[in-house]
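The values are calculated or read from the model by the stated rules, or taken from the named source; none is laboratory data. Being a predicted model, the structure only gives us computed values, none of them experimental. Please note: Cβ atoms are built from the backbone with ideal geometry, for glycine as well, and neighbour counts cover all protein chains shown. Ligands, DNA and RNA are excluded from the accessible area calculation, which covers all protein heavy atoms including side chains. Shrake-Rupley method; radii C 1.70, N 1.55, O 1.52, S 1.80 Å.
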Amino acid sequence: MKFHRFLFLLFAFILLVPNIFPHPGENGFSPLLFKLDREPEVRIGLLTNSSYVSINTSDPSLVAEIGDEPGRFLGTTALRISSRSYDPPVYEIYRFEIPNIETRENADDLAQRIRNETGESASVMTGATADTWRVRLGTEKHLPEDAKEFQDSLTGKGFVGVEIVAEKYTLPSDDAIELTRQIAQNPKSEVRSLIASGPSAKDSVPGRIQTIASSRPVRSNSNVNAYVNPSLREVLVSGSTETSKFSSLQPVVIGSSNGRGIVRLNGKAYRGKMEVFANSRGRLTVVNVVPLEDYLLGVVPSELSLPQIEAQKAQAVAARTYAVANINGYAQQGFDMVDTVWSQVYKGVSIETRMGTQAVQQTRGVVATYRGKPINALYTSTCGGRTENSGNIFEFDEPYLRGVDCSLEGDSHFIPFMIKSSRETPDVKNEANYELVRLAAKFSVNNYLLITQRFTDTYFEDPPTETELKSWLNQLAVKFGKPFPQFVTADTSKPLLLAKALSDLIYGDEVAQADTLMSESDIDYQLSFLDGGEIPKPLRPMMAMMMRDGWFSIYPDLTVKPQKHYSRAKILRLLEHIYDKKNWSLDLENGEARPTEDGKLILKAGRGEKEVFVSPNVFLFRKFGDAFYQVKETALLGGEKVNYKTNGLGQVIYLEVEPTDEPTVAEKMSPRTLWKSTQSAATVRANLSRYVKGMGALIDVKIAKQGFSRRAIDLEIITTNGTQHLKGGAIRSALKLYEQLFVINKRYASDGRVISYQFTGRGWGHGVGMCQYGAYGLAKMGVKFDQILKHYYTGIDLTKAY
């Protein structure tokens with residue numbers, strides 16, 4: 001028996017497995033987790049304190065719906081809607097009596113006679129005084145002319161002294177009575193229009209008494225003088241046609257004659273319909289009743305307008321999920337959500353964009369779920385580099401709202417932003433030579449020929465080849481505007497020949513003047529280094545002038561070594577020195593980089609951007625500390641200062657990058673990535689006192705505890721009345737800061753008192769759930785919307801709900 005029971009349980013478990021561990025459906029969505037029969041409508045509270053509103057449309061006519069009535073075409077495109085107090089209709093009923101009868105016997109006889117002769121009912125009643133009697137007829141009339149006619153008929157039959165007695169009564173509508181009952185049953189509700197009509201409400205015109213053909217009111221015994229709440233208000237609709245003028249105790253729903261057309265509330269366009277009803281403040285509430293997908297068209301661009309389709313698709317799913325999970329979020333007020341940051345920012349038709357619409361349409365019906373239920377898809381503008389566990393900010397702690405880094409793991413975060421070079425990096429051990437790598441690269445891209453595939457110590461320490469030397473001196477001649485030097489050989493790298501070639505470019509005909517203008521003592525004075533005497537006499541005046549004017553240099557050991565070739569390193573430094581003395585540049589452009597896309601250099605250009613293609617063999621340098629080093633690749637996240645050189649084809653052949661000191665996380669494009677706020681001690685105390693009761697004089701404020709993201713989640717407040725604590729999301733609200741991811745720097749007075757607090761922080765918002773700027777950054781890195789959502793919402797599934 002036990003074994004059979006075990007098999008039964010095992011079989012039942014196997015049948016349940018698909019529901020516990022759902023298989024991915026089409027497009028990677030999990031269709032088994034959550035399903036809706038159809039696209040839901042959502043109710044967005046747009047106004048809650050209006051005395052009147054205007055509604056219009058560009059369609060042929062507005063249409064009104066009230067309760068279960070079929071929609072009525074109003075024959076107008078504009079309405080003014082207000083409210084007024086509900087007063088039950090007052091009517092008069094006319095009765096008949098003969099007063100001042102002296103005895104009961106006479107009254108009985110008269111009553112009997114009336115019954116016999118007229119067929120009317122009659123009864124005897126005491127009179128106005130204790131010793132008189134009266135006879136009242138059972139007949140009652142609703143109209144004064146009918147009452148007078150009946151009086152005359154009685155008089156004609158001999159019954160004199162018949163008086164007409166008018167009695168007033170109220171006759172509230174069925175809606176008024178039902179609404180009174182609704183308010184009594186749910187006094188906390190702020191809705192003051194009938195949302196559940198009575199059994200006969202659909203058979204009558206709201207707020208009006210039923211009449212018969214003779215226009216005589218028909219009294220319903222259950223309604224006569226019935227109690228109605230004295231605060232009832234009617235919605236009063238007024239338009240240019242008779243059919244557009246009416247009142248109702250029920251909500252009035254106004255739409256366009258095109259079922260999903262556009263209506264304007266006080267001039268602002270929305271999709272769907274407008275429902276107007278009275279509220280507990282005696283004012284009007286206006287609710288936009290709109291299909292969920294149409295609602296999202298006005299939410300996505302309002303919440304995330306950054307131009308990346310995958311980020312906007314992630315926003316569309318998050319917004320759709322939030323809406324589904326928060327149906328009836330404001331039930332007591334008669335709607336689901338508001339149109340502000342307290343729910344989701346919703347701006348109607350005017351904010352709609354092509355990309356936002358595309359994002360909504362391409363994710364239609366997709367919601368984020370956790371264990372089969374839509375999640376509370378919170379999102380924040382700028383998370384400051386890390387999101388936070390929901391339980392550290394709010395009173396709920398959801399397993400899918402866990403703190404995460406606002407970046408991809410490890411190096412993968414930077415891969416999409418990489419600039420790469422196929423050029424070999426230097427093999428240089430001598431630090432002095434390494435400083436030459438950058439200089440040599442600059443000369444190379446400025447048409448100075450350097451014959452090598454890779455910079456090495458040997459390359460720099462060897463003398464240049466004849467070809468290189470000719471190239472260098474020719475380029476220098478171009479700068480000086482002189483003819484190319486003649487008779488350049490490999491030996492021209494020796495100091496005396498090099499000095500002569502340079503002096504011809506620098507001085508021209510003035511070289512011959514050196515012999516005349518400089519005395520022997522002048523020459524000896526300038527050539528007083530150790531081996532200056534080895535310089536042949538014909539070259540001494542030229543060499544002296546070069547030394548005097550600072551155009552040439554010797555070795556550190558105070559020699560020139562006339563027979564030794566200068567190395568490439570020494571000549572390159574000499575060329576750099578000449579450029580410095582002449583204030584020449586090596587023709588580099590500069591700019592500020594934007595995030596790299598597809599290996600292109602994107603530069604800030606005024607208010608826009610420009611793209612520059614990078615040569616695969618680019619000289620690529622990145623700054624580390626105070627020096628630039630040649631690298632194979634570097635990331636451009638945006639904000640880096642760059643110097644670059646392009647060739648005739650417009651390709652970047654030299655690029656040096658100075659890293660930005662801005663954050664590198666995905667949300668770095670946000671204007672609130674970093675912020676500061678300085679407040680006086682008095683201001684801090686005033687702000688905190690709104691949330692912490694019984695505070696004395698403020699002594700100090702400290703962060704007692706931090707969350708996963710290093711956000712302050714417990715603020716210790718030390719006052720003269722003791723130590724108190726403020727926890728969770730109230731910290732940000734109390735201190736009036738953008739975020740609660742901050743550090744505190746304090747300024748002290750001479751007596752040790754804290755006189756001001758500087759809050760230096762990151763982020764903007766509550767810091768829980770999806771980071772919107774982070775989603776944008778990830779999308780720019782090529783991350784798809786589903787992975788963006790699963791990055792920020794831990795362990796979720798994406799479900800096609802309808």
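Numbers at a glance
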item	result
Residue match in region 195-218 (condition: open to solvent by 70 Å² or more (accessible area, probe 1.4 Å), of a type in the set (A, V, I, L, M, F, W, C), at pLDDT 80 or above and not in a loop (DSSP other than H, G, I, E, B))	no
Which numbered condition residue 521 fails, given (1) at pLDDT 90 or above; (2) open to solvent by less than 70 Å² (accessible area, probe 1.4 Å); (3) part of a helix (DSSP H, G or I)	(2)
Residue 110 among the aliphatic types (A, V, I, L, M), over 30 Å from residue 222 (Cα atoms) and in contact (Cβ under 8 Å) with a residue 24 or more places away in the chain	yes
Test result for residue 69, under 25 Å from residue 179 (Cα atoms), open to solvent by 50 Å² or more (accessible area, probe 1.4 Å) and touching a residue at least 40 places away in the same chain (Cβ under 8 Å)	no
Failed condition for residue 191, given (1) within 30 Å of residue 72 (Cα to Cα); (2) modelled with pLDDT under 90; (3) in contact with a strand residue (DSSP E or B) (Cβ under 8 Å, 6 or more places away or on another chain); (4) open to solvent by less than 70 Å² (accessible area, probe 1.4 Å)	(2)
First in region 389-404 and without any contact (Cβ under 8 Å) to a residue 12 or more places away in the chain, second anywhere and crowded, with 19+ Cβ neighbours inside 10 Å and of a type outside the set (A, V, I, L, M, F, W, C), Cβ under 7 Å, 6 or more apart	397/389; 397/390
Residue match in region 366-373 (condition: in contact with a Ser or Thr (Cβ under 6 Å, 6 or more places away or on another chain), of a type in the set (A, V, I, L, M, F, W, C) and open to solvent by less than 10 Å² (accessible area, probe 1.4 Å))	yes
Answer from 727, 676, 790, 702 - the residue that is without any contact (Cβ under 8 Å) to a residue 60 or more places away in the chain and under 23 Å from the mean Cα position of the chain (by Cα)	790
Any hit, region 130-140, residues being under 24 Å from residue 117 (Cβ atoms), buried (at least 17 other Cβ atoms within 10 Å of the Cβ) and among the basic types (Lys, Arg)	yes
Region 333-364, residues that are among the polar types (S, T, N, Q), touching a strand residue (DSSP E or B) at 6+ places or on another chain (Cβ under 8 Å) and assigned to a helix (DSSP H, G or I)	333, 350
Leading residue by the ranking (nearest to residue 131 (Cα to Cα)) among those in region 68-106 that are over 37 Å from the mean Cα position of the chain (by Cα) and among the small types (Gly, Ala, Ser)	85
Residue list for region 302-330, filter: farther than 28 Å from residue 51 by Cβ, open to solvent by 10 Å² or more (accessible area, probe 1.4 Å) and under 18 Å from the mean Cα position of the chain (by Cα)	303, 305, 306, 307, 308, 309, 310, 313, 322
Number of positions in region 141-160 that are surrounded by fewer than 14 Cβ atoms within 10 Å (Cβ to Cβ) and not in a helix (DSSP H, G or I)	3
Residue within region 392-409 that is farther than 20 Å from residue 657 by Cα, hydroxyl-bearing (Ser, Thr, Tyr) and modelled with pLDDT under 95 present	yes
Unmet criterion (only one of (1) modelled with pLDDT of 95 or more; (2) buried (at least 19 other Cβ atoms within 10 Å of the Cβ)) for residue 781	(1)
Qualifying positions in region 736-782 - among the hydrophobic types (A, V, I, L, M, F, W, C) and under 19 Å from the mean Cα position of the chain (by Cα)	737, 741, 764, 768, 770, 771, 775, 778, 779
Lone unmet requirement of (1) open to solvent by 30 Å² or more (accessible area, probe 1.4 Å); (2) touching a helix residue (DSSP H, G or I) at 6+ places or on another chain (Cβ under 8 Å); (3) at pLDDT below 95; (4) among the β-branched types (Val, Ile, Thr) for residue 341	(2)
Selected residue (only one of 101, 81, 93, 55 is touching a helix residue (DSSP H, G or I) at 6+ places or on another chain (Cβ under 8 Å) and touching a residue at least 12 places away in the same chain (Cβ under 8 Å))	101
Residue match in region 155-170 (condition: modelled with pLDDT under 85 and not hydrophobic (A, V, I, L, M, F, W, C))	no
Strands (runs of 3 or more DSSP E) (entirely within region 551-612) containing at least 1 residues that are charged (D, E, K, R), more than 25 Å from residue 540 (Cβ to Cβ) and touching a residue at least 40 places away in the same chain (Cβ under 8 Å)	589-592
Some residue of region 629-642 being within 25 Å of the chain's Cα centre (by Cα) and not in a loop (DSSP other than H, G, I, E, B)	no
Those residues of region 74-90 which are under 26 Å from residue 169 (Cα atoms) and open to solvent by 50 Å² or more (accessible area, probe 1.4 Å), in sequence order	84, 85, 87, 90
Number of positions in region 442-458 that are in contact (Cβ under 8 Å) with a residue 60 or more places away in the chain and in contact with a strand residue (DSSP E or B) (Cβ under 9 Å, 6 or more places away or on another chain)	5
Residues that are more than 21 Å from residue 577 (Cβ to Cβ) and aliphatic (A, V, I, L, M), drawn from region 473-492	490
Scan of region 668-700 for residues that are among the charged types (D, E, K, R) and loosely packed, with under 14 Cβ neighbours inside 10 Å, ordered by number	676, 690, 693
Residues being hydrophobic (A, V, I, L, M, F, W, C) and in contact with a Pro (Cβ under 8 Å, 6 or more places away or on another chain) - total across region 167-189	2
Residue 285, sole failed condition from (1) surrounded by 24 or more Cβ atoms within 10 Å (Cβ to Cβ); (2) out of contact with any Ser or Thr (no Cβ under 6 Å at 6 or more places or on another chain); (3) over 20 Å from residue 790 (Cβ atoms)	(2)
Region 249-275 - residue that is in contact with a helix residue (DSSP H, G or I) (Cβ under 8 Å, 6 or more places away or on another chain) and part of a strand (DSSP E or B) and, of those, most open to solvent (accessible area, probe 1.4 Å)	268
